[in-house]
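Enquirer: Pasting a structure below so you can have a look.
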Amino acid sequence: MAESPRRAAGRRLLLPLLCLFFQGATAILFAVFVRYNHETDAALWHWGNHSNAANEFYFRYPSFQDVHVMIFVGFGFLMAFLQRYGFSSVGFTFFLAAFALQWSTLIQGFLHAFHGGHIHVGVESMINADFCAGAVLISFGAILGKTGPAQLLLMALLEVVLFGVNEFVLLSLLGVRDAGGSMTIHTFGAYFGLVLSRVLYRPRLEKSKHRQGSVYHSDLFAMIGTIFLWIFWPSFNSAPTSLGDGQHRTALNTYYSLTASTLSTFALSALVSRDGRLDMVHIQNAALAGGVVVGTSSEMMLTPFGALAAGFLAGTVSTLGYKFFTPILESKFKVQDTCGVHNLHGMPGILGALLGVLVAGLATHEAYGDGLENVFPLIAEGQRSATSQAMHQLFGLFVTLMFASVGGGLGGLLLKLPCLDYPSDSQCYEDQVYWEVPGEHEDTAQEPLRVEEPDTQA
Amino acid sequence: MAESPRRAAGRRLLLPLLCLFFQGATAILFAVFVRYNHETDAALWHWGNHSNAANEFYFRYPSFQDVHVMIFVGFGFLMAFLQRYGFSSVGFTFFLAAFALQWSTLIQGFLHAFHGGHIHVGVESMINADFCAGAVLISFGAILGKTGPAQLLLMALLEVVLFGVNEFVLLSLLGVRDAGGSMTIHTFGAYFGLVLSRVLYRPRLEKSKHRQGSVYHSDLFAMIGTIFLWIFWPSFNSAPTSLGDGQHRTALNTYYSLTASTLSTFALSALVSRDGRLDMVHIQNAALAGGVVVGTSSEMMLTPFGALAAGFLAGTVSTLGYKFFTPILESKFKVQDTCGVHNLHGMPGILGALLGVLVAGLATHEAYGDGLENVFPLIAEGQRSATSQAMHQLFGLFVTLMFASVGGGLGGLLLKLPCLDYPSDSQCYEDQVYWEVPGEHEDTAQEPLRVEEPDTQA
Amino acid sequence: MAESPRRAAGRRLLLPLLCLFFQGATAILFAVFVRYNHETDAALWHWGNHSNAANEFYFRYPSFQDVHVMIFVGFGFLMAFLQRYGFSSVGFTFFLAAFALQWSTLIQGFLHAFHGGHIHVGVESMINADFCAGAVLISFGAILGKTGPAQLLLMALLEVVLFGVNEFVLLSLLGVRDAGGSMTIHTFGAYFGLVLSRVLYRPRLEKSKHRQGSVYHSDLFAMIGTIFLWIFWPSFNSAPTSLGDGQHRTALNTYYSLTASTLSTFALSALVSRDGRLDMVHIQNAALAGGVVVGTSSEMMLTPFGALAAGFLAGTVSTLGYKFFTPILESKFKVQDTCGVHNLHGMPGILGALLGVLVAGLATHEAYGDGLENVFPLIAEGQRSATSQAMHQLFGLFVTLMFASVGGGLGGLLLKLPCLDYPSDSQCYEDQVYWEVPGEHEDTAQEPLRVEEPDTQA
């Protein structure tokens, strides 16, 4: 049943109003709570007798910038593989991440950096906020093309809070190590998005099937995303680790792991195809699984061989997932996973968490020397054995899966609020629903896309 | 009236001849004047008893590289939104900026780093030259599609000189603070280009109207530019600030401001459209206004809330400018502003200058502590009150507007020299005029584009 | 003569099998030989009493990341100029470089960092491996579009070994200086690829002529590669140089050289064209020659003027090469050089080596002061005169040309192994041979591309 154009236009008003409201609210909260930390405040920094070279900025800002590229260029363009959804992929990534950065600065600030009634910010809060935005974008990947921007904004609103709480439970309460976020970012983001996508299941999504694929140039745009993600993943995993050998080792392990996941993806993609040809979907995604799988363990003494083996396994699992499991996920589990986040972030994230369990359980004073304090402070201080640390890591994975599942379920209910606008089954994966699109394809532009009742999302 | 092909070809010779002449001239000036500074010269660096870690390179080169990406990728691709002007947008950006880097090294060197008869160069001169190239590219944005490369080269020749003089007056004579260049780069570049565009007004530009818009993939190329500009703007504003807390705070403020301008742009773009749909022009441009508006004040104690508020305001003003003011600018003021630089650099630049007036006027010894010396040395040394600094800042804005306007006028006259080649009214926004274009669109290739008399630029 | 589909499919199996075999082999070698060095190992780093700020990571990782972008984005997209070979250009770059990084870590490790039975890895081995991948990709450029991925993998297998040996002979045995690799990377990669292309000469390649050109958007994708290469080349040349003034000066010289090669390319491209129009092939490639030509000398006291002059010369030679020499190379020398690597890497590489001879021969204690130890340790220690160093540099060039030529010849024979799959003459420059391509061009998809006997590569 078609709704009136007036009503449709009214529903569209919700996006700007929500956006202005949230911006106003975060601005007020910033005014009340957010302050420069002692490395960004002119008076505080100069009060201490620091050498300027000792400012955290010089140790973390280059990594931050690499992470920033991954969030906005990497995720944005990776999702631009769809033939008619490039504006939305890049644009909504931009929008969602910008909001998540502000909102997460507040949530993570309250949980991790709240001292004397104020949140103290600097380059570390910038990195953490970008990490949280990464989780939101992973979830976005699961529902890409099937949601409106106001829905996405509400998803981010909820997910940022749950991300912060889950991260707090893991890192602060359980003493879990997860520098590159195999659990807190990838597993959490993936299963949050997948459960959410399950709740929003559309039985008649095949109405938009003709727009679900790529075209030649959209695949090349997606490769821009893939390659920048791949290049900068060593910086992602190492951005928050301890200075010195910690950042250095983390970057090195991630670099090796990614080369191996790339080779296994090329091999497996050719193997599983009918005629030995490579599939762009595998290359664009599974080649990145090596970054995900060492998210937890790359700061540990994983060894270069361990990094290669982990990357190889992740690329293999991820490619096989795209080929064999994604169809089952939709047909059997009614989860429509647009970007295959289950293959790129879900399974490799869980594998990464388990690898972290293993490597933590093998930690010895001999292997880490005085560096044990940086990687496993609780073991170094004698509060925990390596086995106990491993058990805590494992428990962290379960906590994450629980937070993600419950959160995704709640998110799904939230996104089904009747006031929210979303594309009908035949309008999915189509930029024209939310963007003014240059009149390249005159015929498409003639379709009466505007005044149709959103239908089966129920 | 058509000119003969021979004469047209003759006019085309001017570009390579000018280019070779200017390159020869700058090379000679480099040979005579330019020398390594004490951080790039092998003998000088090792003569002092420095730790290698103290070399300025490590504090500024990562920021420089981010700025470099902005200038060449950011500006180049942002301007590639036009459907048939991508080669020129990216290519002339490349060409103009390469020339501006050399020429500006000389001009800024004579004005700022001329000691003992020599210009001393290092990473700071690289950053400064890139900044100057940024101003030239802003001006290029105003006249994009309507000028030939020889004209652009002459524009850069003049603009680099005036940029250097204006910067010298502001920073060295008036003691104005303007690290990220709200005034020296954005306001100057925008109004220089706008006045120049006014002088080159083409009453019959609608002959090229069908090429003024984008196509689907050209908008995605433009988003590459937008996103890289957005990501690296914190590095742009912080590249030349004082080490330690200065760079750190500047990057943080800019990061917040950009998130807010992004949210306000999305909100406003949806609000001002007929049917709630988003406009790519707004997203590509106005979302960046948050970087411009804190160009002057981001090194100051703006506070995180101040950064959000400034960014929000800039995104709003910029989006409204694209929607409502750009048409008036053309119809009433006869300024044809191809990229809308008035909205992205002009108004936000002025706002940024005024914000600098405000924040400078509020500077106190309490807020800055011993860091006051770095941000407002004249106040710290007791030579000026905060109010006096604010007045100097305001005067700097007027000086900049004057230099830009007079310079743009002169530039317009220069570009109207009869020997210079430019596209006719029906050839604007068309790569084929200056580039060999692969024969994708056979019909277009058949148009007798070559031998037409350039007509209305008068 | 057509081979059976079954046999064709069988030949396709070779890629994944080789890939899995090589990955297994490198993994085993990593397990046996590769260990963290004292800056990435937790115990070793903390055993020494280092400040974390002294970790090599902070001095080289930002440069490494820039190099990493050049290898994967730069080379990948630069080669995506072909209208129907974008997937292969970006994808095989990704694949080949990932393999080369692992393999080269082993080869270079055995030759340069093998102590106590182990290869020690850290950021320097990462940079060196990326450099080696660069040489492989240069060779790839010469045979782009005419080879299958299994062939490319074997090429990389051989080339990485010879690259390592040649580099060892030059740097370790001959004491040659070549920080940015004018010889070891560019000359070696180019002539290896050119000789290999000669061996694989296809007399009937004109059957694929219609796919050898670009289309409008493929040229813009290629410009992404060009611009990122251009921007980050200063980091490439400076990544392995001595800390402090060494990295600083190298970056500065490269920056100047590139601006000059850009200006000369624009000038020459317009000059040599029939009608004064610019050619994208020149801009995309020759503008980069300034980075190649100072690969050897940019760490030396080249002077800013010297950098400009070198860049200007390289841009000129390179542009003229594309215009006049490439056709001769094919018609007279039977070398089909798809990307013109002879113009971008071959001739500028040799020029760069000769420039290194010149600048080394002019080295004096006055010019370098105590910095001479870093740039020319053998001269500083009195083991060599400047003239002798120059002669060694020149001899290094001959050694490189010999290794490259013999290696390329061997490579050609290796790639002609009958078990290897390669495209037929009419299938060259076509993604569909090795990739699932979205059905954009239905007509092309109908061509029976699969079951044709590869024909003239002989």
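The values are calculated or read from the model by the stated rules, or taken from the named source; none is laboratory data. Keep in mind that what you see is a predicted model, and the values were worked out from it rather than measured. We place every Cβ from the backbone using ideal geometry, glycine too, and count neighbours over all the protein chains shown. Heads up: the accessible areas ignore ligands, DNA and RNA and are worked out on the full protein's heavy atoms, side chains in. Shrake-Rupley method; radii C 1.70, N 1.55, O 1.52, S 1.80 Å.
Enquirer: Let me cross-check residue B:281: its accessible surface, 1.4 Å probe, with only protein heavy atoms counted, in Å² to the nearest 10?
Expert: 60
Enquirer: Just checking the output field for C:120-130: average partner chain Cβ neighbours within 10 Å of each residue's Cβ?
Expert: So the per-residue partner count for this stretch is 2.
Enquirer: Same structure, new question: Using a 10 Å cut-off on Cβ atoms, rank the peptides A:34-41, B:96-103 from the highest mean neighbour count down.
Expert: For the peptides A:34-41, B:96-103, the packing ranking is B:96-103, A:34-41.
Enquirer: Another question, then. How large a share of the accessible area of the range B:48-166, in percent, is made up of carbon and sulfur atoms when the probe is 1.4 Å and the other protein chains stay in place?
Expert: C and S fraction of accessible area: 61 percent.
Enquirer: A follow-up question, please. Suppose every Lys and Arg Cβ carries +1 and every Asp and Glu Cβ carries -1, with no other charges. What dipole size does chain A come out with about its Cα centre, to the nearest 20 debye?
Expert: With Lys and Arg at +1 and Asp and Glu at -1, about 940 debye.
Enquirer: Can you sort B:368, C:191 by 1.4 Å-probe accessible area, starting with the largest?
Expert: My answer, sorted largest first, is C:191, B:368.
Enquirer: Measure off 7 Å from each Cα along the Cα-to-Cβ vector at residue B:395 and residue B:378, then give the distance between these two points in nanometres to one decimal.
Expert: 0.7
Enquirer: Moving on. What accessible area per residue comes out for chain A, rounded to a whole number of Å², with a 1.4 Å probe?
Expert: 29
Enquirer: Short version: ³J(HN,Hα) in whole Hz for each residue of the range C:415-427, in order, from phi by Karplus 6.51 cos²θ - 1.76 cosθ + 1.60 (θ = phi - 60°), x for Gly and Pro, what are they?
Expert: Listing the rounded values in order: 6, 8, 3, x, 6, 8, 8, 8, x, 6, 4, 8, 9 Hz.
Enquirer: Oh, and also: Helix B:149-167 versus the longest principal axis of chain B: what is the Cα-based angle in degrees, 0 to 90, to the nearest 10?
Expert: So the helix axis and the longest Cα principal axis differ by about 20 degrees.
Enquirer: Which shape class, rounded, prolate or oblate, goes with the protein assembly as shown when its Cα gyration tensor gives a ≥ b ≥ c as root eigenvalues, a/c under 1.5 marks rounded, and past that a/b bigger than b/c marks prolate?
Expert: Verdict is rounded for the protein assembly as shown.
Enquirer: Rounded, prolate or oblate for chain B? Axes are the square roots of the Cα gyration tensor eigenvalues, ordered a ≥ b ≥ c, and the cut-off for rounded is a/c under 1.5.
Expert: oblate
Enquirer: Can you give the mean number of other chain Cβ atoms that lie within 10 Å of the Cβ atoms in peptide A:432-438?
Expert: Mean partner shielding for this stretch: 6.
Enquirer: What percentage of the solvent-accessible surface of the range A:301-449, computed with a 1.4 Å probe over protein heavy atoms, is contributed by carbon and sulfur atoms?
Expert: Answer for the range A:301-449 is 68 percent, counting heavy atoms of protein chains only.
Enquirer: Estimate for me the total accessible surface buried between chains C and B (protein heavy atoms, probe 1.4 Å, no ligands or nucleic acids), in Å² to the nearest 100.
Expert: Accessible area lost upon association: around 6000 Å².
Enquirer: Pull out a ≥ b ≥ c, the square roots of the eigenvalues of the alpha-carbon gyration tensor of the range B:43-107, then state rounded if a/c is under 1.5, prolate if not and a/b is larger than b/c, and oblate in the remaining case.
Expert: It comes out prolate by the Cα gyration axes.
Enquirer: Between copies, how far apart are the residue A:54 label points? List them in nm, one decimal, shortest first, with each point 7 Å from Cα toward Cβ, please?
Expert: From this label point to the equivalent ones elsewhere in the assembly: 1.6, 1.6 nm.
Enquirer: Restricting to DSSP H runs of at least four residues, report the calculated mean residue ellipticity at 222 nm for chain C, -39500 (n - 2.57) per run over all residues, nearest 500 deg cm²/dmol.
Expert: -19000 deg cm²/dmol
Enquirer: Here's something else I'd like to know. Roughly how many debye, to the nearest 20, is the charge dipole of the range C:10-115 about its Cα centre, given +1 on each Lys and Arg Cβ, -1 on each Asp and Glu Cβ, and no other charges?
Expert: The dipole magnitude comes to about 540 debye.
Enquirer: Sticking with this structure for a sec: I'd like the FRET efficiency for residue C:419 and residue C:204, computed as 1/(1 + (r/R0)^6) with the beta carbon distance as r and R0 of 35 Å, rounded to 0.05.
Expert: 0.95
Enquirer: May I pose another question? Mark the label point 7 Å from the Cα of residue A:362 along Cα→Cβ and return the residues of the range A:242-266 whose backbone N is within less than 15 Å of it.
Expert: A:253, A:257
Enquirer: What ranking of A:317, A:341, B:406 comes out by heavy-atom accessible area, probe 1.4 Å, highest first?
Expert: B:406, A:317, A:341
Enquirer: Here is a further query. Run the numbers on the range C:277-294: which residues show a drop of 50 Å² or more in accessible area, chain on its own versus all protein chains together, using a 1.4 Å probe over heavy atoms?
Expert: Buried by the other chains: C:277, C:278, C:280.
Enquirer: Then there is this: Which pairs, out of B:209/B:416; C:209/C:416; A:207/C:146; A:207/C:207; A:207/B:207, put more than 31 Å between their alpha-carbon atoms?
Expert: A:207/C:146; A:207/C:207; A:207/B:207
Enquirer: Using Cα-Cα distances under 8 Å and only pairs 6 or more residues apart, what relative contact order does the range A:277-318 have, in percent?
Expert: 54
Enquirer: If you don't mind, there's one more thing I want to ask. Just reorder C:242, A:298 by solvent-accessible area, largest first, 1.4 Å probe, all chains present.
Expert: C:242, A:298
Enquirer: Continuing with this model, one more query. May I ask for the angle, rounded to the nearest 10°, between helix C:86-112 and the longest principal axis of chain C, with both axes built from Cα atoms and the value confined to 0 to 90°?
Expert: So the inclination is approximately 40 degrees.
Enquirer: Shifting gears a bit: For chain C, calculate the relative contact order in percent as a whole number, restricting contacts to Cα pairs under 8 Å that are 6 or more residues apart.
Expert: Dividing the mean separation by the residue count of chain C yields 23 percent.
Enquirer: Taking the rotation axis that maps chain C onto chain B, which residue of C brings its Cβ closest to that axis, and at what distance in whole Å?
Expert: Taking the axis that maps C onto B, the answer comes out as C:62, 3.
Enquirer: Let me ask something additional. Going 7 Å from Cα along the Cα-Cβ axis for the label, what nanometre distances separate residue C:378 from the same residue across the other copies?
Expert: Computed spacing set for this position: 5.7, 5.7 nm.
Enquirer: Averaged over its residues, how many other protein chain Cβ atoms are within 10 Å of peptide C:390-402's Cβ atoms?
Expert: 0
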